[in-house]
Amino acid sequence: MTERYKRGVARQTELGATRTEAYDALADIAPDLSRLAVEFAYGDVHARPGLDAARRELVVIGALITLGGVEPQLRAHLETALNAGLRPGELVEAIMQALPYAGFPRVFGAMTLARQVLDARGLLPVRPAGTDAIGP
């Protein structure tokens, strides 16, 4: 186990973002893929100083929305963003921000995933971002 891997696992654990199910599903065909993802994405990039975890997750979510076709990864990062302290209204607003860049179909898809994630956590209805109200 490399130092990068340990750092990546620690970062995932800190974010409640262990991806063992996704990694295990591909272990029989690409056993190094999960190690590389943990080392590079979390151990090297996500663990860098300069942005807090919530802001990093906003960047990741924007990139995934724009890519499209990566719903499992987007769902995982929506969960991680909430774990990192992002409020539901902020999450919704971030997805809305992707509209002029990614288009309606991708934003509708992302918003549908966000609704599922928020509903599973009992965080619906969502209050608009920027309100001073307590709660979701």
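Per-peptide packing, taken as the mean over residues of other Cβ atoms within 10 Å, places 113-119, 124-130 in the sequence 113-119, 124-130 from highest down. The stretch between D119 and L51, if pulled fully straight at 0.36 nm per residue, gains 21.7 nm over its current Cα-Cα span.
How much FRET efficiency would the formula 1/(1 + (r/R0)^6) give for Q97 and Y23, where r is the Cβ-Cβ distance and R0 is 25 Å, rounded to 0.05? Efficiency at R0 = 25 Å is approximately 0.25. Protein heavy-atom surface of the chain, 1.4 angstrom probe: 60% of the accessible area is carbon and sulfur, with nucleic acids and ligands not counted. Using the alpha-carbon atoms, what tilt in degrees (0 to 90, nearest 10) does helix 53-67 show relative to the longest principal axis of the chain? Once rounded, one gets 90 degrees. Of the peptides 34-45, 71-82, the ranking by mean beta-carbon count within 10 Å, highest at the top, reads 71-82, 34-45.
Per the Kirkwood formula applied to alpha carbons, the chain shows a radius of gyration over Rh ratio, Rg over Rh, of 0.99. A straight chain from V9 to F40 at 0.36 nm per residue would run longer than the Cα-Cα distance by 10.1 nm. Against the chain, whose longest principal axis comes from its Cα atoms, helix 104-120 is set at around 80 degrees.
Remark: the chain carries 60 Å² of accessible area per residue (probe radius 1.4 Å; ligands, DNA and RNA excluded).
The values are calculated or read from the model by the stated rules, or taken from the named source; none is laboratory data. What you see is a predicted model; the values in this text were computed from it and never measured. Positions of Cβ are generated from backbone atoms using ideal geometry, with glycine treated the same way; all protein chains shown enter the neighbour counts. Quick note on the areas: whole protein, heavy atoms, side chains included, nothing else; ligands and nucleic acids left out. Shrake-Rupley method; radii C 1.70, N 1.55, O 1.52, S 1.80 Å.
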